[in-house]
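Let me begin by presenting the structure, written as structure tokens, before commenting on it.
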Amino acid sequence: MIERLDQIFVILKHWLLGYLPESWQTPVGVILSVVCIIGLYPALFAITTVLERKGVARIQNRLGPNRVGPYGILQPMADGIKSLTKEDIVPTTADGVVHFLAPVVLVVVVFMGFAVLPMGRNMVLVDMDAGLLFYFAMGASAELSVFMAGWSSRNKYSLLGAMRAVAQMISYEIALLLSSVVIVMITGSLSLVKIVEAQNHYTWGLPHWFIFTPWGLAGFLMYAIAGTAETNRSPFDLPEGESELVAGYHTEYSGFKFALFFLGEYVAMFSISGLGSTLFLGGWTAPLEVLQFIPSWIWFFGKLFLSMGVFIWMRGTLPRLRQDQLMNFAWKFVLPMCLLNLFAAGLWHFMGAGWLRWVVCSAILILAYVSIGREGMRRKNLGPRSYRYAE
Amino acid sequence: MLGEGILKGLVETARNFAGSYVSKERLTTVEYPEERSPLPEAARNFPFLVYDGDDWEKGLRCVACQICEKECPPKCIYIEKSKDKKPDYVGKLQIYPAKFDIDISVCMSCQICVEVCPFEAIKMDTEFELATDDRFRGLLLDRHQLARSNEYYHEIHPTEAAEVDARLADEKAKVEAKAKAAAEAAAAKAAAGTSATTAADAAKAGSSAPAPKPVAAETKASATPAKPNEGEPKA
Amino acid sequence: MGFVFYLISTFTVGGALAAVLLKNLVHAALALTVAFFGLALLFLRLDAQFAGFAQILVYVGAVAILVVFAILLTRGSELPKEGVFSKTWLVGLAIAAGVFALLAWAVLQAAPWLPQEKAAPTVTVNDIGNALMSRYVLPLEIVAVLLTAALLGAVIVAMHEKERSR
């Protein structure tokens, strides 16, 4: 019974495919799964927008939207109708084709990332051997769409926002990759399904999630920071902050295209949270051995919503980072910490089981955190301003 | 250490979030129009005319002296005097305004009309939900729309209304005392002098005396201060 | 399956041609990106998963962005005053045709020596990693040193400019 509930979507899919002839089953199966993903995540996006507005409002001592439905939950419908019926303004000097393609490219690339995420036991769309690499390849392509959006608007400020955004995304992508490489090193495989399987063991009722190891915790923190910066989310939302550069690279977009950018950003957030929970928080595994009766997909989406909650919490709390503070942070703190994390994970692997490796790895990481935190983030003395003009 | 401030900030916002469900001070939103935050007592928006008692026409305090019309800076008051007279709160016959229009789209809420009115007839109202879709006459309030009862005035400005009532009561008491003294003097004269001419005077004095009497029944507090005033016929 | 190959190669060749022929430089850069994607798809068709995804990650995610930044930070985004094609385009075409003929002859010459089985050998990331760490470790380290030198050079060039402007 519990097994059936856990595998209910797989069973449903096989039952539906049973009605089709042999040769049609694989393509239709793939299409069915793709349609489910494309239908599910925008629905989650709609719910998340309301939760975010109400959550941030409560943090700021006010009520969020509460007029549209009971407690405002139908607000996304109103937003959807608004963005669909708004006039689609394209500047006359804008580059038409590129202007149109930028949000399309963003949404396509972001949805491709979901192809390798295991959303439950046996519930992954494509079980690729190099799944993690595929995911990061798609993430790298998203930067291109940001640049396309900024450049095609023929707007100095959009362009500036786009360049800042691309610089930020590239810097933090390295941090993202390095913090995931630790996991690949320990597990020995790039396939996300195998990574979750490696975390599916329990000792004294507690799981073997990678976050419960010293290098896993440091890696998770670095991954979270880098993930927040990749999706241009507060406190790293300088490219799209409302008081900076109007709206950054999507200034000249209105109506549905803007809604697509918004959708792309939130779905990218889901995607990165999903990957983070797969790599560090055990994907669809339950936190305690006794709780395994709850279906795996509920755990996956629960962790996803938890990550969303933390994103919203951080948005309500932290002020925006300035561009140079952002870049300093990436290159002087996150990157050295990631490299040292790699070193600590290697030590962990070769030291063999026991309490010694816990102590040594934790000591290295804490020492690194304190010293790099002090040295790398020391405010440099800014002398008189020196201007540099592009030749 | 790096990150300490961030953690403290996160704890503070979490406290805000959780507290907004339980305590009122962490959720200060007033959901208009279902709830309204209370206005301070000295709030003022546009003027209204005070009337005593139940009938707004009979109890209207305004005597159409036109001082407020002359003093109003944007000249938003328009008064037309009546041809007949009606008795005011002390019983004296006064003219009343046949037309009293205030254009509140012009009014600038300076309160000068209130300050200069010698009869405490015009006071400031606090009503602000006055939006109308009638562009030309919607914000031109006439006498009937401007008249509000004294009880209403007590509701919106309690301390001011109490002061005004006390002052009016004092004045009425003084007038009554004067009238009583004059009546007594006249009665004494009538008793001493001839009957025909002074009886007419006494009848006249008597006709004006019953008018303050029902009003005196309302203000019983004036009874006691009236007594020491008897000793001073000249006020 | 030949249909898929022709579709992908149409994209690739089309993108490459557009990259050469388009007037607008940024459009040309984006067309080059399409060509890179097409190449990655061809790699994936040959079951070279690592090569395909690394192609996307490196070429689309880094090289294309680099090209675009280079266009933007210089004045390349304005349309050129003269035409895009140089006067000696005929000579260029002849040289390109000559190189292509040479490559084609070399590939076709070696064709009988290629293995005949249909199934491509699967090279997993594991194998690539092992090979890099054991047999090809020297080239790996040399490439790493080269990249470090490039990074340091970029930093020095940027720093030098700052010194001069002060």
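The values are calculated or read from the model by the stated rules, or taken from the named source; none is laboratory data. Just so we're clear, the structure is a prediction, and the values are computed from it rather than from any experiment. All Cβ positions, even for glycine, are placed from backbone atoms using ideal geometry, and neighbour counts span all protein chains on display.
Each row is one residue, and each column tells you yes or no for (1) within 14 Å of chain B (Cβ to nearest Cβ); (2) in a loop (DSSP other than H, G, I, E, B); (3) buried (at least 17 other Cβ atoms within 10 Å of the Cβ).
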| residue | (1), (2), (3) |
| --- | --- |
| A:G29 | no, no, no |
| A:V34 | no, no, no |
| A:G55 | yes, no, yes |
| A:R62 | yes, yes, no |
| A:P65 | yes, yes, yes |
| A:G80 | no, no, no |
| A:L84 | no, no, no |
| A:E87 | no, yes, no |
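Filter region C:30-53 down to residues that are surrounded by fewer than 22 Cβ atoms within 10 Å (Cβ to Cβ), modelled with pLDDT of 90 or more and within 7 Å of chain A (Cβ to nearest Cβ), then give me how many there are. The qualifying residues number 0. Only residues that are over 24 Å from A:A137 (Cα atoms), surrounded by fewer than 24 Cβ atoms within 10 Å (Cβ to Cβ) and not aliphatic (A, V, I, L, M): list them for region A:155-166, please. If the condition is that a residue be over 24 Å from A:A137 (Cα atoms), surrounded by fewer than 24 Cβ atoms within 10 Å (Cβ to Cβ) and not aliphatic (A, V, I, L, M), then A:N155, A:K156, A:Y157 are the ones that fit.
In region C:134-151, the residues that are hydrophobic (A, V, I, L, M, F, W, C) reach residues that are surrounded by 10 or more Cβ atoms within 10 Å (Cβ to Cβ) with C-beta atoms within less than 6 angstrom, at least six apart or across chains, in these pairs: C:L140/C:L132.
Of the residues making up region A:108-134, those that are closer than 17 Å to C:A62 by Cα and facing another protein chain (nearest Cβ under 9 Å) number 2.
Determine whether region B:78-87 contains at least one residue that is away from chain A (no Cβ under 14 Å), assigned to a loop (DSSP other than H, G, I, E, B) and modelled with pLDDT under 90. Walk me through it before giving the result.
Within region B:78-87, the subset away from chain A (no Cβ under 14 Å) is B:78-87.
Remaining after also requiring assigned to a loop (DSSP other than H, G, I, E, B): none.
No, region B:78-87 contains no residue that is away from chain A (no Cβ under 14 Å), assigned to a loop (DSSP other than H, G, I, E, B) and modelled with pLDDT under 90.
Does A:I47 meet the test of being hydrophobic (A, V, I, L, M, F, W, C), more than 20 Å from A:H250 (Cα to Cα), in contact (Cβ under 8 Å) with a residue 60 or more places away in the chain and surrounded by 13 or more Cβ atoms within 10 Å (Cβ to Cβ)? The answer is no for A:I47. If the condition is being crowded, with 24+ Cβ neighbours inside 10 Å, more than 12 Å from every other protein chain (Cβ to nearest Cβ) and more than 19 Å from A:F333 (Cα to Cα), then region A:172-192 contributes A:I183, A:L192.
Those residues that are surrounded by 19 or more Cβ atoms within 10 Å (Cβ to Cβ) and within 14 Å of chain C (Cβ to nearest Cβ), I need them from region A:193-206; list them, please. Step through it out loud before you land on a result.
If we filter region A:193-206 for residues that are surrounded by 19 or more Cβ atoms within 10 Å (Cβ to Cβ), which is where we start, we get A:193, A:195-196, A:199.
Once the filter is applied, which keeps residues that are surrounded by 19 or more Cβ atoms within 10 Å (Cβ to Cβ) and within 14 Å of chain C (Cβ to nearest Cβ), region A:193-206 yields only A:I195.
Looking across C:L132, C:L138, one residue alone is in a helix (DSSP H, G or I) and either modelled with pLDDT of 90 or more or touching a Pro at 6+ places or on another chain (Cβ under 6 Å) (or both). It is C:L138.
Looking only at residues in region C:13-29 that are out of contact with any helix residue (DSSP H, G or I) (no Cβ under 7 Å at 6 or more places or on another chain) and in a helix (DSSP H, G or I), the one that is farthest from the other protein chains (Cβ to nearest Cβ) is C:V13. Residue-level check: of (1) surrounded by 13 or more Cβ atoms within 10 Å (Cβ to Cβ); (2) away from chain A (no Cβ under 14 Å); (3) in a loop (DSSP other than H, G, I, E, B), B:D54 misses just (1). In a residue-by-residue description of region B:1-12, the property of being facing chain A (nearest Cβ under 8 Å), of a type outside the set (G, A, S), in contact with a Gly (Cβ under 8 Å, 6 or more places away or on another chain) and not in a loop (DSSP other than H, G, I, E, B) applies to no position.
Across region A:137-154, a minimum of one residue is classified as farther than 30 Å from A:P27 by Cβ, touching a Pro at 6+ places or on another chain (Cβ under 8 Å), touching a residue at least 24 places away in the same chain (Cβ under 8 Å) and surrounded by fewer than 18 Cβ atoms within 10 Å (Cβ to Cβ).
Annotation: A:V97 fulfils all but one of (1) β-branched (V, I, T); (2) surrounded by 16 or more Cβ atoms within 10 Å (Cβ to Cβ); (3) touching a Ser or Thr at 6+ places or on another chain (Cβ under 9 Å); (4) not in a loop (DSSP other than H, G, I, E, B); the unmet one is (2). Out of A:M169, A:M222, one residue alone is crowded, with 23+ Cβ neighbours inside 10 Å, farther than 22 Å from C:V60 by Cα and at pLDDT 90 or above. It is A:M222.
Residues checked against (1) in contact with a helix residue (DSSP H, G or I) (Cβ under 6 Å, 6 or more places away or on another chain); (2) modelled with pLDDT of 90 or more; (3) assigned by TED's automatic domain parsing to the domain that holds B:E127:
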residue	(1), (2), (3)
B:Y21	no, no, no
B:R26	yes, no, no
B:L39	no, no, no
B:G53	yes, no, yes
B:W56	no, no, yes
B:Q66	no, yes, yes
B:E71	yes, yes, yes
